[in-house]
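Q: Mind having a look at this structure? Questions to follow.
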Amino acid sequence: MRTALVLFASLSALGLPLAHAHAASDATLAAVVAQRLQGDRTGACMAVAVVERDAIARSFQCADERELARVGADTTFEIGSVSKTMTATLLADLIRQGKGTLDDPLAAWLPAGTPVPDYRGQPILLRHVVTHTSGLPALPSRMAPVNMEDPYAGLDAATLLASLADVELAATPGSQFEYSNYASMLLSYAVAARAGSDLESLLQQRLFQPLGMTRAHINRVPEGVRAGQGHAPNRHAVPAWHFATDLAGVGGVRATLDDMVRYVQGNLGQIDAAISPALAMTHVQVSEQPAMGMNWMRVPVKGRTVLMHEGGTGGFSSFVAVDIEQQRGVVILSDTTWNSISSLGSLGLHLVDTGFPLGKPRRETAPEPALLDALAGEYQLQGAMKMTLRPRDGRLYVQPEGQVEQVMGYDDAGDFYPLALDAVLRPQRRSDGSYGFIWSQMGAQIPAARIDMQRTPAPQLSSEALGAYAGSYPLMPAFALTVREHEGRLHAQASGQGEFALDVVAPDRFEAPAYGIEIVFLRDGDGRVQSLELHQGGQVLRGKRE
């Protein structure tokens, strides 16, 4: 249930000219989904819908056609973080009832005496919680999952609230984007408490029943529902995730495809219900960087704004988009988690607008021997263990320190993946020809640096020297990278996205290793910084400083 910063994956969403999507029928939608999914090495099955003003197209498909029995109209999927938009709707409903405002301190919605942190007297407000700018960490410190395959199952409200005592905010709330499931669980608990109800009853009464979402639920399973079986991207079945009811607004809703179709229709204004004004309230922009409503990302597409959210649990992925102006919505529910392989974004965005590239299935293939040789060596994962990579018999073998060696598969998207567990090793080639990699597992993106070869120590740069790089660098129409010095470090921010810190690795070369980003600054004949190159995922964008 975590969102990672990937600049290139979002370029089309940031203002490029795009073609409008055409009206979809079941047959045309099936053809598009098949083009993206059939033969995919994950073996995923999907339920997909495109909602328009006067028609709904649906498709149920699997990477392997022999598995089609896995999904159907009665199958419920874990929708993960898309649940957050529903929690935001309940909050908006309470605000419309006069029971609070977005400018209320979070502390005012929690039990008296709860140790809610502030930053130099600046409190966390509800608007910060629904825009992921609260400054709270990703997860509560005292969570301590007993079973990592069902990590939230043992978390209760007492532990959630007590963990606030361990938090020290690093910046003023509202100033920095940092995706926080912790903050969303607190909001889930707070909304239920303010309403005087448990969260499931509140969802049923205020949202599900009015919109006709008859099979949507948290822990109380309706009759006639078939729970989907979740899978890891290596095709292994994985356990369902469970949440305490009042904390489940972070990602615990389960729903069928038609439930989510009704939810999208409600957000498009195609269903007239008492909850409609609250749905509309969640769409209004609350923060600018990145542009967000109440738990909705506001994505610019060809001069209009499309609301989007993705979700992922241990065995499921989801994507929802709402285009008010075009009266078009998209729902994708997958019984396989794609969190570690860049989520459902390419298919979802293409269904929003055909100008977005569709992408293609990930198919297993053989890595180039030169790549295997270049990756061989010993690496240090940031904040974690060492890891040794060895090529043998045309495959890559990975051995975490103190653990058994794992054989890796390889796909034509350029990712290595363990055959026995859900993770991805994504090679990162630097501008100097050397390699590192990103290790993706359990929602974490962990950069790894080579430690068995001599590297030039990183230079120490003064604030003045860092300030020489500051400026705006347009990379594409309506897409620029803004660079600034802050507290002795260089920071960058792409149009419509959150700011991220850069580490200096060599003169005029900086990295954000967690995102696989490298920035190389170029100087003119007088030694002044003139332009930059942004390297990510094997692509390069260049921009001259304004």
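Q: For Tyr152, enumerate residues with amide H under 5 Å from its amide H, sequence gap 5+ or separate chain, H modeled in the peptide plane.
A: Distant-sequence amide H within range of Tyr152: His242.
Q: Taking H as built 1.01 Å from N, whose amide H comes closer than 5 Å to the amide H of Leu396, not counting residues under 5 places away?
A: So Leu396 has HN proximity to Met408.
Q: Between segment 328-342 and segment 439-517, what's the alpha-carbon centroid distance in Å?
A: Taking the Cα centre of segment 439-517 as reference, the centre of segment 328-342 is 29 Å away.
Q: Going toward the positive end of the dipole of segment 369-450, with +1 on Lys and Arg Cβ and -1 on Asp and Glu Cβ, which of Gln406, Leu371, Gly443 do you reach last?
A: Leu371
Q: A follow-up question, please. Go through segment 50-63 residue by residue and turn each phi into a ³J(HN,Hα) via Karplus (6.51, -1.76, 1.60, θ = phi - 60°); whole Hz please, and just put x for glycine and proline.
A: With the stated coefficients, segment 50-63 comes to 10, 9, 10, 4, 10, 7, 10, 9, 10, 8, 10, 9, 10, 4 Hz.
Q: Additional query: Report, by chain and number, residues whose modeled amide H sits under 5 Å from the one on Glu499, excluding near sequence neighbours (fewer than 5 apart, same chain).
A: Here Phe177 satisfy the definition.
Q: Here is a further query. Using Cα positions and a limit of under 28 Å, work out the lysines in reach of Lys360, with same-chain residues fewer than 8 apart set aside.
A: Cross-link targets: Lys302.
Q: Using θ = phi - 60° and the Karplus curve 6.51 cos²θ - 1.76 cosθ + 1.60, what whole-Hz ³J(HN,Hα) does each residue of segment 249-265 get, with Gly and Pro shown as x?
A: Listing the rounded values in order: x, 6, x, x, 7, 10, 7, 8, 4, 5, 4, 6, 4, 5, 5, 5, 4 Hz.
Q: Still on this structure: Tell me which aspartates and glutamates have Cα within less than 17 Å of Lys386's Cα, excluding those fewer than 8 residues away on the same chain?
A: Excluding near neighbours in sequence, the set is Glu378, Glu401, Glu405, Asp452.
Q: Please say if segment 463-544 is rounded, prolate or oblate, where rounded means a/c under 1.5 for a ≥ b ≥ c the square roots of the C-alpha gyration tensor eigenvalues, and otherwise the choice is prolate for a/b larger than b/c and oblate otherwise?
A: rounded
Q: Continuing with the same structure: Which loop trypsin sites (Lys or Arg not before Pro) in segment 193-223, with loop taken from DSSP, have no more than 14 other Cβ atoms within 10 angstrom of their Cβ?
A: Arg220
Q: Rank these for me by crowding, Thr76, Thr482, going from fewest to most other beta carbons within 10 Å.
A: Thr482, Thr76
Q: Which of the trypsin sites (Lys or Arg not before Pro) found in segment 404-478 are loop residues per DSSP with 12 or fewer other Cβ atoms within 10 Å of their Cβ?
A: Sites meeting the loop and neighbour criteria: Arg455.
Q: Based on alpha-carbon centroids, what's the gap between segment 129-153 and segment 154-187 in Å, whole number please?
A: After rounding, the separation between the Cα centres reads 8 Å.
Q: I've got another one for you. Identify the GluC sites (Glu not before Pro) of segment 359-456 meeting these criteria: DSSP loop state and at most 14 other C-beta atoms within 10 Å of the C-beta.
A: Glu401, Glu405
Q: Quote the charge dipole size of segment 302-442 about the Cα centre in Debye, to the nearest 20; the model charges only the Cβ of Lys and Arg (+1) and of Asp and Glu (-1). List each step's numbers first, then the result.
A: Numbers: 13 positive and 17 negative charges, 46 e Å.
So the dipole magnitude of segment 302-442 works out to roughly 220 debye.
Q: Here is a follow-up. Roughly how many debye, to the nearest 20, is the charge dipole of the chain about its Cα centre, given +1 on each Lys and Arg Cβ, -1 on each Asp and Glu Cβ, and no other charges?
A: Around 480 debye, computed over the chain.
Q: Could you go through segment 303-317 in sequence order and give the Karplus-derived ³J(HN,Hα) for each residue, using 6.51 cos²θ - 1.76 cosθ + 1.60 with θ = phi - 60°, rounded to whole Hz, and x for Gly and Pro?
A: Calculated HN-Hα couplings, in order: x, 10, 10, 10, 7, 9, 7, 10, x, x, 10, x, x, 9, 9 Hz.
Values in this text are rule-based calculations from the coordinates and carry no lab data. All of these numbers come straight from a predicted model, not from anything done at the bench. Glycine gets a Cβ as well: all are built from the backbone with ideal geometry, and neighbour counts include every protein chain shown.
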